[in-house]
Each structure stands twice: as C-alpha cells, then as structure tokens.
Amino acid sequence: MTWHGHLSLDYRRDAAGGTTALDRHQGPLRVLQRLYPEGPAICHHVLVHPPGGIVGGDQLEIDARLAEGTHALITTPGATRFYRSAGEPAAQCLRARVAAGARLEWLPLETLVYDGALAENRLRFELAPGAEMMGWDLLALGLPAADQAFTRGHYQQHLELPGRWLERGRIAADDRLLLDSPLGLAGHKAMGTLWFAAGSDLARERREALIDAGRALASKWPVGVTAPDDGLIVLRMLAPRIEPVFGHMAEVWAQWRALAWGLADSRPRVWRT
C-alpha cells in the first residue's frame with residue numbers, strides 16, 4: 001500500500017497587515033498547527049505526515065503560494081524518514097511561489113535516509129522580483145547514532161530557483177569514491193545546505209555582510225559559504241552526525257534573519273520538543 005498526499009498552502013495579507021493562511025489537503029499530509037509567536041505578520045506553520053515515514057511508491061506534494069507582503073515560516077515536528085524500499089522509489093516534492101515583498105522560511109527538520117531507501121526530494125522556489133527567502137536541507141545517511149550504515153539504495157536531491165540556481169545531486173550507497181574520498185564526503189554521514197535567496201540581485205554590501213556572518217561562526221566540522229549568484233548565498237556543512245549540522249545551521253539562520261530582515265531569533269517551539 002502506498003500513500004499519495006497533497007497539501008496546498010495559500011498565504012494572504014489581511015487588511016491589518018497580518019498573514020492569514022488557508023490550507024487544503026488530500027491524503028496523509030496536513031497542517032498540524034498554525035502559530036503566531038512573532039505577531040500576526042508572520043505565520044509559523046507546522047506540517048505533519050501522520051504515517052511517520054515515506055516508503056517505496058509514496059508521493060508527497062506540497063504547493064505553497066505567498067501573496068505580496070506575506071511572511072511564512074514552515075517547519076516540521078520531527079524528521080522526514082525515507083524507509084527501505086522493495087523496489088519503487090519514494091518522492092517528496094515542494095513548489096513554492098513567492099510574490100513581490102513576501103518572505104518565506106523553509107525550515108523542515110532533518111531528512112533521514114534509511115538503508116535500502118530509494119528516495120528523491122525535489123524543491124522548487126519561484127521568487128518574484130522583491131521576494132526573499134531562507135531555506136535549508138539537512139540530511140543524514142543511515143542512522144549513525146544506532147550504527148546502522150547506508151549500504152544500499154540512493155538519495156537524489158533537486159534544488160531549483162529558476163534563473164538563479166539549479167542543483168541536482170545523487171548519492172548512491174555503493175559510490176564509495178563519493179562517500180569516502182577526501183574530495184567527496186570524506187566519510188561524513190550528515191550534511192546540510194542553507195541558503196538565502198532573493199528574486200532580485202542583492203546589494204553588494206548586504207550580500208557581503210551575510211557571507212561574512214556565515215563565515216564568522218566557527219565549527220569543528222567542514223563549512224563553506226559561497227555566493228554563486230548575485231541574489232543567492234549558500235552555506236554547506238559536513239559532520240559525522242546531524243546534531244552539529246542542525247545546531248550550526250540554526251545559529252547562522254538566526255544571524256542572517258537579524259541582518260537581512262531585522263528580526264529576532266524566534267526558533268519554532270517544536271524544535272525543542
């Protein structure tokens with residue numbers, strides 16, 4: 001038995017300047033909570049997949065629309081788990097359309113790829129001129145804490161900001177050169193990508209301030225920050241386990257939030273439960 005789930009999220013600005021959210025779901029993918037810890041202008045949305053994991057043949061789709069002037073922070077209460085497949089691939093797809101003056105924070109908790117999984121994660125963010133976003137992708141191969149290695153299967157990642165960034169990466173469990181080489185993952189089982197993106201080019205001073213902030217936070221594990229496009233800053237990190245990746249990315253996210261938008265560190269409460 002496979003699950004096909006679809007969730008539509010529609011963010012609108014009300015007369016008082018608040019962000020309202022409408023959602024519609026089909027199948028096992030829905031909104032757990034809608035919260036306003038920072039006031040009515042910023043909607044914190046917690047999404048949940050009740051079956052608790054994604055198996056071969058499952059297809060989950062999220063479609064988010066942010067109208068002008070809205071601000072949404074989207075997260076999850078726990079990890080996304082791609083379980084072992086009997087032969088069919090499993091896929092999760094997100095398409096977000098962000099209008100001028102809107103802000104999106106895409107901050108789900110980590111993705112765990114179990115041994116034998118055949119998984120694909122597709123993320124597409126369409127940013128209008130004047131729109132901005134921050135997002136991350138946190139990934140752990142196997143279960144390092146439980147000594148369960150990732151020895152079979154693959155994970156494929158697709159990240160796209162049309163016109164600015166297109167990245168497709170495939171990690172196969174039998175690709176030891178990629179997994180173990182010093183020019184690859186160097187034996188690390190956890191990794192993360194954090195980005196700040198805009199629908200228009202960022203002013204040079206603003207872009208450099210964000211890059212400097214990303215580089216200033218020290219880590220004992222490999223971290224790199226680059227600007228592959230005038231409207232994009234990307235931070236990447238490798239580590240043996242996912243906890244230091246999450247901790248580092250959350251700190252940089254908070255600093256970027258303050259620098260770029262003048263907003264305080266308002267971490268979702270579900271991250272602490």
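The values are calculated or read from the model by the stated rules, or taken from the named source; none is laboratory data. As the structure is a computational prediction, the values presented were derived from the model and not from experiment. Here the Cβ positions follow ideal geometry from the backbone for every residue, glycine too, while neighbour counts run over all protein chains shown. These area figures cover heavy atoms from the full protein model, side chains too; ligands, DNA and RNA do not enter into them. Shrake-Rupley method; radii C 1.70, N 1.55, O 1.52, S 1.80 Å.
Look at the Cα gyration tensor of the chain: its axes a ≥ b ≥ c give a/c of at least 1.5 with a/b at or below b/c, and that counts as oblate.
The chymotrypsin sites (Phe, Trp or Tyr not before Pro) of region 19-127 include none that meets both criteria, a DSSP state outside H, G, I, E and B (loop) and at most 10 other C-beta atoms within 10 angstrom of the site's C-beta. Using θ = phi - 60° in the Karplus curve 6.51 cos²θ - 1.76 cosθ + 1.60, the 3J(HN,Hα) couplings for region 104-116 round to 10, 10, 9, 9, x, 5, 4, 9, 10, 9, 6, 4, x Hz; x is entered for Gly and Pro. Taking a ≥ b ≥ c as the square roots of the eigenvalues of the Cα gyration tensor, region 50-158 is classed as prolate, since a/c reaches at least 1.5 and a/b is larger than b/c. Per residue, the chain exposes 45 Å² of solvent-accessible protein surface, assessed with a 1.4 angstrom probe and all protein chains in place. Its Cα centre serving as origin, region 152-221 has a Cβ charge dipole (Lys and Arg +1, Asp and Glu -1) of approximately 140 debye.
Surface composition of the chain: carbon and sulfur make up 51 percent of the accessible area, probe 1.4 Å. Determine the shape class of region 156-266: with a ≥ b ≥ c the square roots of the Cα gyration tensor eigenvalues, call it rounded for a/c under 1.5, and otherwise prolate if a/b is greater than b/c, oblate otherwise. Since a/c reaches 1.5 but b/c is at least a/b, the shape of region 156-266 is classed as oblate. Coupling constants for region 186-198 follow from the phi torsions by the Karplus curve (6.51 cos²θ - 1.76 cosθ + 1.60, θ = phi - 60°), and in residue order they are 6, x, 6, 9, 10, 8, x, 10, 10, 9, 10, 9, 9 Hz; glycine and proline get x. Phi-derived couplings, Karplus 6.51 cos²θ - 1.76 cosθ + 1.60 at θ = phi - 60°, listed residue by residue for region 124-138: 10, 10, 9, 9, 6, x, x, 8, 9, 7, 10, x, 8, 9, 10 Hz, with x used for Gly and Pro. In percent, rounded to a whole number, the relative contact order of the chain is 13, using alpha-carbon pairs under 8 Å and six or more apart.
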